[in-house]
Ligand SMILES: [Zn+2]
Ligand SMILES: [Zn+2]
C-alpha cells in the first residue's frame with residue numbers, strides 16, 4: 001500500500017497500519033499507545049505526522065464525529081457512513097445505501113458542485129439501551 005502511493009516503508013507506518021487493521025476507528029492516542037509497545041523510540045509527533053501523510057495520500061480515512069477525537073480507519077473509498085452511540089461513543093460502519101458519492105443531494109445546491117455528503121447516524125448502541 002505504501003509503495004503504491006510512493007511513500008517510504010517505515011516500521012512506524014507499518015505498525016500504524018497494523019493497528020488500524022485490527023482496530024478500526026482508533027484515535028491518535030490509541031494508535032500511539034499500540035505502536036509504542038512495539039517501537040519504544042516513536043513519539044506522538046511522529047504518529048501525528050504519519051497520520052497526516054497517510055490521510056493526505058488516501059491510505060486511511062479520518063472521521064471526526066462531534067464530541068470525539070479524530071478517528072482513523074483503513075476502509076477508504078467506499079463512501080460508507082458511521083453510526084455513533086451518543087452515550088459511550090462507540091462507532092460502527094454502515095454501508096452507503098447508494099454506494100457512491102454524493103449519496104444525498106441537497107434540495108438547493110446554490111450552484112455548488114456537490115461531491116460528497118457526510119452522513120453520521122446518532123443513537124444508542126445495544127449495551128447503552130439496557
Ligand atoms: Zn453506547
Ligand atoms: Zn468506518
Among the listed residues 76, 84, 91, which satisfies the condition of being within 12 Å of the chain's Cα centre (by Cα), without any contact (Cβ under 8 Å) to a residue 40 or more places away in the chain and either surrounded by 12 or more Cβ atoms within 10 Å (Cβ to Cβ) or more than 12 Å from ligand 2 (Cβ to nearest atom) (or both)? 76
Inside the range 51-61, the number of residues satisfying the requirement of being free of Cβ contacts under 8 Å to residues at least 40 places away in the same chain and surrounded by 14 or more Cβ atoms within 10 Å (Cβ to Cβ) is 3
Please go through the range 62-73 and pick out each residue that is surrounded by 16 or more Cβ atoms within 10 Å (Cβ to Cβ) and within 16 Å of ligand 1 (Cβ to nearest atom). 65, 71
Could you list all residues from the range 74-120 that are closer than 30 Å to residue 1 by Cα, within 16 Å of ligand 1 (Cβ to nearest atom) and touching a strand residue (DSSP E or B) at 6+ places or on another chain (Cβ under 7 Å)? 82, 83, 84, 91, 92, 93, 94, 120
Look through the range 1-27, keep the residues that are out of contact with any helix residue (DSSP H, G or I) (no Cβ under 9 Å at 6 or more places or on another chain) and within 17 Å of residue 93 (Cα to Cα), and return whichever of them is nearest to ligand 1 (Cβ to nearest atom). 25
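Every number here is computed from the coordinates shown, using simple stated rules; none is lab data. In this text, all values refer to a predicted model and were calculated from it rather than measured experimentally. Cβ sites come from the backbone with ideal geometry, for glycine too, and all protein chains shown count toward neighbours.
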